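Below you'll find the structure, written out as C-alpha cells, and then a few comments.
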Amino acid sequence: MSIRAYVLLRVEAGKLNSVISTVSKLPQVKEAYPITGDYDAIVSIEVENVADIREAVGTKIHKIDGVKETSTHIAFK
C-alpha cells in the first residue's frame, strides 16, 4: 500500500515556475501546482513508506534551487 503526502512549498520570488518544473520531474511526485495563500505551491507525492517521504522531501525537494521552506502532510485513506 502506498502513502500519499502533500508538501506545501514556500519559494523565492521569481523562481516558482522553475521549482514547479524541477519538482514535477521527481519520480515520487504525482502533481505539482502553484497555489494562493501562505504557501506558493503544493506537491502531491506517493511513496511506499515514511522513510521515502523523508528521502523525497529532505534530500530532493529541499535541495531544489528556490525552495525556502516546506510543510509536509500525510493523507489518510
Taking region 1-12 and keeping only residues that are among the small types (Gly, Ala, Ser) and surrounded by 15 or more Cβ atoms within 10 Å (Cβ to Cβ), one is left with Ala5
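Conditions (1) in contact with a strand residue (DSSP E or B) (Cβ under 9 Å, 6 or more places away or on another chain); (2) surrounded by 15 or more Cβ atoms within 10 Å (Cβ to Cβ); (3) outside any loop (DSSP other than H, G, I, E, B), marked per residue:
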site	(1), (2), (3)
Gly14	no, no, no
Ile20	yes, yes, yes
Glu31	yes, no, yes
Asp38	yes, no, no
Val43	yes, yes, yes
Ala56	yes, yes, yes
Asp65	no, no, no
Contact list, first residue from region 18-30 and within 10 Å of Ile64 (Cβ to Cβ), second anywhere and assigned to a helix (DSSP H, G or I) and of a type outside the set (Asp, Glu), beta-carbon distance below 7 Å, six or more apart or interchain, is Val23/Ile61; Leu26/Ala56; Leu26/Lys60
Among residues of region 1-12 being in contact (Cβ under 8 Å) with a residue 24 or more places away in the chain and not in a strand (DSSP E or B), the residue farthest from His62 (Cα to Cα) is Ser2
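We did not get these values from a lab; they are worked out from the coordinates using the rules stated. The structure presented is a predicted model; accordingly, all values stated were derived computationally and were not measured. Glycine gets a Cβ as well: all are built from the backbone with ideal geometry, and neighbour counts include every protein chain shown.
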